[in-house]
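Each remark here refers to the structure printed beneath this line.
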Amino acid sequence: MAESEKEAALPPKEKFSDWYNELLWMAEIMDVRYPVKGLYVWYPFGFAIRRNTYNIIREILDNSGHQETLFPLLIPENEFMKEAEHIKGFEDEVYWVTHGGKDLLEIPLVLRPTSETAIYPMYKIWIRSHADLPLKLYQVVNTFRYETKHTRPLIRLREITSFKEAHTVHATWEDAEVQVREAIELYTEIYRRLGVPVLRSRRPDWDKFPGADYTDALDAIMPDGKTLQIGTVHHLGDNFAKTFNIKYEAPDGEQCYAYQTCYGISERSIAAIISIHGDDKGLVLPPEIAPIQVVIIPIIFKKGAEYVLAACKDVQKRLKKIGVRVEIDASDLRPGAKYYKWEMKGVPLRLEIGPRDLENNVAVAVRRDTGNKEQISLPDIEADVILIFESIHKNLYNNAKTGLLNRIFDCTNFEEVKDKIQKGIATIPWCGKKECGLIMEDQINAGILGIPLEQKKDWKEKCPVCKEETKTLVYVARTY
Ligand code: A5A
Ligand code: ZN
């Protein structure tokens with residue numbers, strides 16, 4: 001049967017990499033056949049997931065004093081080359097535009113790999129006085145990075161299509177630090193809404209954003225135990241302000257350099273949602289993200305078909321009225337084939353309605369996350385569907401959180417770490433000295449992910465390299 005053949009075509013989630021690649025096309029999220037390496041095409045269904053995800057991101061930013069803006073894609077070489085650390089970090093990754101038609105451009109242009117050097121020359125003009133601060137802008141744009149590591153759809157792109165970057169300006173270093181913490185909380189909240197629990201840590205100094213004082217990051221754990229960096233928040237100090245001459249007049253008339261932060265999220269957010277919640281049958285989506293939240297399957301026999309269809313349409317109308325994205329599948333497919341199709345697409349709730357259900361004034365509700373079946377009464381269907389959505393979201397988040405916590409292993413020596421990072425994340429004491437950190441990375445053959453933002457209290461261990469006592473733990477993980 002064609003149906004079961006197809007079903008067999010999605011590899012089990014245990015083979016994560018195969019499963020991920022197959023699912024992206026079977027569920028119609030990304031098409032990887034675009035003929036440029038590292039560039040992929042959004043299918044409309046995938047794009048609808050993106051839209052729902054970014055609606056949440058925009059909502060949370062808009063409600064916390066950010067304003068959306070839009071800057072150009074092209075950055076002139078002279079601006080791009082101003083900040084020394086920043087150039088060092090990005091010069092091997094930029095695409096250059098050198099020609100206009102047949103003419104060699106007088107000033108070559110880079111395709112933004114990120115927008116500091118596009119935005120900050122304008123901030124220099126816009127910011128005059130302390131009354132202009134804080135300034136909190138963000139944009140959602142495509143950025144280009146000539147990545148040399150293995151490219152993967154949604155995870156490591158050469159054209160990042162959904163780069164949300166915020167850029168804030170403050171009067172003092174401390175104000176910027178407060179903003180960093182706020183951004184971490186906002187991102188945590190965004191990911192909670194997306195059903196994705198996160199690890200929060202400060203990157204080691206050698207892994208911070210080029211041009212930053214420090215970088216805090218959010219990571220998710222993927223099914224194969226590797227971590228995926230799904231958001232970063234950078235304290236830029238006054239490094240860029242000095243380079244781009246961004247100054248404000250203080251109340252006493254003094255001209256002062258401003259302090260800045262920036263923070264970003266990409267479509268890796270969607271890679272995390274898909275990977276963490278999906279199962280052997282396909283996508284599992286939190287209701288807020290799902291392009292189709294409810295599918296109604298009319299159970300039709302020869303007699304009374306119209307009556308059943310009319311009842312389904314009525315339920316659809318009522319659910320639409322309260323904002324639920326709901327479809328009826330009245331196609332000729334057999335029920336099994338319909339279930340398969342909508343399960344693959346991650347539809348959170350299936351409602352089956354047949355003549356006998358109508359006699360009893362009920363529908364059969366089947367949850368995608370648990371597979372549980374229950375009868376719900378038709379007169380209360382709006383309230384019940386909303387309750388089920390909330391329960392699905394909670395269940396997805398809690399399961400993912402348990403999955404994350406179960407895969408963090410406290411270790412004290414390198415052998416243990418090497419073993420545990422095959423399954424997940426290891427923690428190990430670290431004195432904080434760079435030389436010890438680098439020796440550790442070398443011995444373990446994996447990177448230090450970061451220092452957890454929340455440390456255990458009343459606890460002391462020895463740095464495995466220099467044997468100094470320390471109260472600091474670090475995360476070690478294999479990373480994407
Ligand atoms: N200007 C700051 C915000 C910045 O560029 N930070 S960043 O370089 O860390 O990128 C922000 C986030 O984008 C990263 O945390 C990561 O989640 C995502 N990202 C970076 N490179 C990516 C790539 N090649 N493909 C997909 N996502 C990427
Ligand atoms: Zn040490």
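Report the gain in length on full extension from Lys313 to Met81: 0.36 nm times residue separation, minus Cα-Cα distance, nm rounded to one decimal.
Once the chain is fully extended between Lys313 and Met81, it gains 77.5 nm.
Relative to the longest principal Cα axis of the chain, at what angle does helix 173-193 sit, 0 to 90 degrees, rounded to 10?
With both axes taken from Cα atoms, the answer is about 20 degrees.
Could you give me D for the range 125-275, from Stokes-Einstein at 25 °C and 0.890 mPa s, where the hydrodynamic radius is the Kirkwood radius over C-alpha pairs? Units µm² s⁻¹, please.
149
Might you report the magnitude of the Cβ-based charge dipole of the range 116-275 about its Cα centre, with Lys and Arg at +1 and Asp and Glu at -1, to the nearest 20 debye?
So the magnitude is around 740 debye.
Long-range amide H contacts for Gly237: which residues qualify at under 5 Å (H placed 1.01 Å from N, peptide plane, sequence gap of 5 or more or a different chain)?
Excluding prolines and chain starts, which carry no amide H, the hits are Asp213, Gln260.
What are the ³J(HN,Hα) couplings of the range 93-101, residue after residue, when phi is run through the Karplus curve with 6.51, -1.76, 1.60 and θ = phi - 60°? Round to Hz, x for glycine and proline.
10, 9, 8, 10, 9, 10, 10, x, x
Relative contact order of the chain, please, whole-number percent, based on alpha carbon pairs below 8 angstrom and at least 6 residues apart.
Once normalised by length, the contact order is 13 percent.
Solvent-accessible area per residue for the range 57-97 at a 1.4 Å probe radius, Å²?
56
Taking H as built 1.01 Å from N, whose amide H comes closer than 5 Å to the amide H of Tyr43, not counting residues under 5 places away?
The list, which skips near neighbours in sequence, is Met30, Asp31.
Could you tell me the center-to-center distance, by alpha carbons, between the range 443-480 and the range 335-378 in angstrom?
Rounded to whole Å, the Cα centres lie 48 Å apart.
Quick one: which of Lys394/Lys434; Lys37/Lys82; Lys164/Lys313; Lys226/Lys433 span more than 32 angstrom between C-alpha atoms?
Lys394/Lys434; Lys164/Lys313
So how strong a dipole does the range 1-132 carry about its Cα centre when Lys and Arg Cβ are +1 and Asp and Glu Cβ are -1, to the nearest 20 debye?
Dipole magnitude for the range 1-132 comes out near 220 debye.
Given Cα pairs under 8 Å that are at least 6 residues apart, what percent is the relative contact order of the range 323-480?
15
Which cross-chain or sequence-distant (5 or more) residues have an amide H under 5 Å from the amide H of Asp279, H modelled 1.01 Å from N in plane?
Hits under the 5 Å cutoff: Val284.
Sort Phe409, Phe389 from largest to smallest accessible area, using a 1.4 Å probe on the heavy atoms of the protein chains.
Heavy-atom accessible area, descending, gives Phe409, Phe389.
For the chain, what % of the accessible area comes from carbon and sulfur atoms, probe 1.4 Å?
51
Please compute the alpha carbon radius of gyration of the chain, then divide it by the globular-protein estimate 2.2 N^0.38 Å. Two decimals is fine.
Cα-based Rg divided by the globular estimate yields 1.11.
Tell me, what HN-Hα J-couplings in whole Hz come from the Karplus equation 6.51 cos²θ - 1.76 cosθ + 1.60 at θ = phi - 60° for each residue of the range 343-349, using x for Gly and Pro?
Residue by residue, the range 343-349 yields 5, 4, 7, x, 4, x, 9 Hz.
Kindly write out, for the range 57-70 in residue order, the coupling ³J(HN,Hα) from the Karplus curve 6.51 cos²θ - 1.76 cosθ + 1.60 (θ = phi - 60°), rounded to whole Hz, with x marking Gly and Pro.
Karplus values, whole Hz, x for Gly and Pro: 4, 4, 4, 5, 6, 4, 7, 10, x, 8, 10, 7, 9, 8.
Among Leu70, Gly89, Tyr54, whose Cα projects farthest towards the positive end of the dipole of the range 51-90, with charges put on the beta-carbon of Lys, Arg (+1) and Asp, Glu (-1)?
The residue sitting most towards the positive pole is Tyr54.
Could you state the angle between the C-alpha long axis of helix 434-444 and the longest principal axis of the C-alpha atoms of the chain, as a value from 0 to 90 degrees rounded to the nearest 10?
Tilt relative to the chain: about 40 degrees.
Using a 4.7 Å cut-off between beta carbons, which cysteines in the chain end up with no partner cysteine at all?
Cys256, Cys262, Cys312, Cys411, Cys436, Cys466 - these cysteines have no disulfide-compatible partner (Cβ-Cβ under 4.7 Å) in the chain.
Considering only C-alpha atoms, what is the centroid distance from the range 188-256 to the range 267-310, in Å?
The range 188-256 and the range 267-310 have Cα centres separated by 36 Å.
Could you sort out which of Lys321/Lys341; Lys345/Lys456; Lys242/Lys401 sit more than 32 Å apart by Cα distance in this structure?
Too far apart for the 32 Å limit: Lys345/Lys456; Lys242/Lys401.
The values are calculated or read from the model by the stated rules, or taken from the named source; none is laboratory data. The shown structure was predicted, so the numbers you read here are calculated from the model rather than taken from an experiment. All Cβ positions, even for glycine, are placed from backbone atoms using ideal geometry, and neighbour counts span all protein chains on display. The accessibility values were calculated without ligands, DNA or RNA, using every heavy atom of the protein model including side chains. Shrake-Rupley method; radii C 1.70, N 1.55, O 1.52, S 1.80 Å.
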